[in-house]
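Worksheet: the structure to be examined is printed underneath.
The values are calculated or read from the model by the stated rules, or taken from the named source; none is laboratory data. Keep in mind that this is a model prediction, so the values were computed, not measured. We place every Cβ from the backbone using ideal geometry, glycine too, and count neighbours over all the protein chains shown.
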Amino acid sequence: METSFIPERTFPGDSPLQDTIKIFNRIMKYHSPISFFVFHPPNISDPVELSNFNKMINIIQNLPNTLHVQIWLNGYLEYHKTKINLNNSINYQPNYSLVPQFLKERRMDDKRIVQFRDFGLGNISVDSFVFGISRGGNLNWLERAFFVDKIRNIVDQFPKFNVTVFDYDSTIYDLILGVKTEMLKAVFVTLTCMALICFFVIPKLRCTIIATFSVLSISYTLLGTLGWCGQDIDPVTMINLLMAIGLSVDFSAHICYHFDILQEKQKEIQTESPIKNIKIFEQKEIEKRIEQILEIVGRPMLEAVISTIICIFPLFFISIEIIASFARTVLFLG
């Protein structure tokens, strides 16, 4: 099972939003903007610092799916060098003194691309600025998420500039990248809570271990079955798995509870009986205990499963993948 997010599964098959998603995917193939906020701009008078900043830009620009990098600083450096007529000077040292003039002539002074302070006499301090890239390619949501994560790792290698990466779909990307880890955490916490509750109700370690292992086995099998049906690991699958743990604990907990109760009763009978410690009778008593458990909880559990399946059966006729996934989960669990 792959980690993924497919928005088409969120809406009915005949919804106009399906056409919107197709248009959106076509646009993303040719242009998907990503913004970078630089909160510690480089000191362009320092060749080493400027070189490090350009190195970061070049690494981002050379990524396979980067179409174009749009940054005002390159244009400004050329503008500054031209304005002071030092094209051939080896002593040229750039600075931010012409930033207001540059932005005004390029009609960017009202776009808030560059945040600066003017202390007068050409003393300009640039506090922050923004630049962007255009990402392209026929990428799915998982590949886009990995692309953004790769860019984050790149800018983290240059902490001096304190760069923040912004993408409109970053929340979804974070969800995709973290869903496996979060699902494992959620399953662990849920199983732990179930085990503690079982141990509180049935204060026998063996029964608690059996019940917990049964729940884990059912959940693992359910996850594999959903994978065979084409389900990916996404937030919907995580919710379905947690729901399965909550539902499957009923079966194992009830059986373990009644097994423990009948075992205690059997011990009382054996204490009063003159016949003790005979293995053949122990095996028969275990079989008899299982039969009694099935008589006690078998019919109610079967009725619960059948009634649940009947209730969720109409959901299979709704053409929304999320709802169908929920219905499949309940059906397989039953």
Subset of region 181-232 [among the hydrophobic types (A, V, I, L, M, F, W, C) and in contact with a strand residue (DSSP E or B) (Cβ under 9 Å, 6 or more places away or on another chain)]: M183, L223
Pair list, Cβ < 8 Å and 6+ apart or interchain, from region 86-115 residues that are in the same structural domain as N74 (by TED's automatic domain parsing) and more than 22 Å from S45 (Cβ to Cβ) to residues that are loosely packed, with under 15 Cβ neighbours inside 10 Å and at pLDDT below 85: none
C198 being in contact with an Asp or Glu (Cβ under 6 Å, 6 or more places away or on another chain) and in contact (Cβ under 8 Å) with a residue 12 or more places away in the chain: no
Failed condition for L175, given (1) hydrophobic (A, V, I, L, M, F, W, C); (2) buried (at least 17 other Cβ atoms within 10 Å of the Cβ); (3) in contact with a Ser or Thr (Cβ under 9 Å, 6 or more places away or on another chain): (3)
Region 134-163 residues that are free of Cβ contacts under 8 Å to residues at least 24 places away in the same chain, paired with ones that are part of a strand (DSSP E or B) and surrounded by 16 or more Cβ atoms within 10 Å (Cβ to Cβ) (beta carbon under 8 Å, 6 or more apart): R152/V165
Set N54, N65: member being without any contact (Cβ under 8 Å) to a residue 24 or more places away in the chain, out of contact with any Cys (no Cβ under 6 Å at 6 or more places or on another chain), assigned by TED's automatic domain parsing to the domain that holds Q101 and under 29 Å from E143 (Cβ atoms): N54
Qualifying residue in region 261-277 (condition: out of contact with any strand residue (DSSP E or B) (no Cβ under 7 Å at 6 or more places or on another chain), modelled with pLDDT under 75, of a type in the set (A, V, I, L, M, F, W, C) and closer than 25 Å to C198 by Cα): yes
Members of region 174-194 that are within 12 Å of I239 (Cα to Cα) and of a type in the set (S, T, Y): T190
Cross-chain or 6+ apart pairs with Cβ under 8 Å, region 173-195 first and free of Cβ contacts under 8 Å to residues at least 60 places away in the same chain, then buried (at least 16 other Cβ atoms within 10 Å of the Cβ) and among the hydroxyl-bearing types (S, T, Y): M183/T237; V187/S219; L191/T212; M194/T212; A195/T208; A195/T212
Some residue of region 196-211 being assigned to a loop (DSSP other than H, G, I, E, B), over 30 Å from N58 (Cα atoms) and of a type in the set (V, I, T): yes
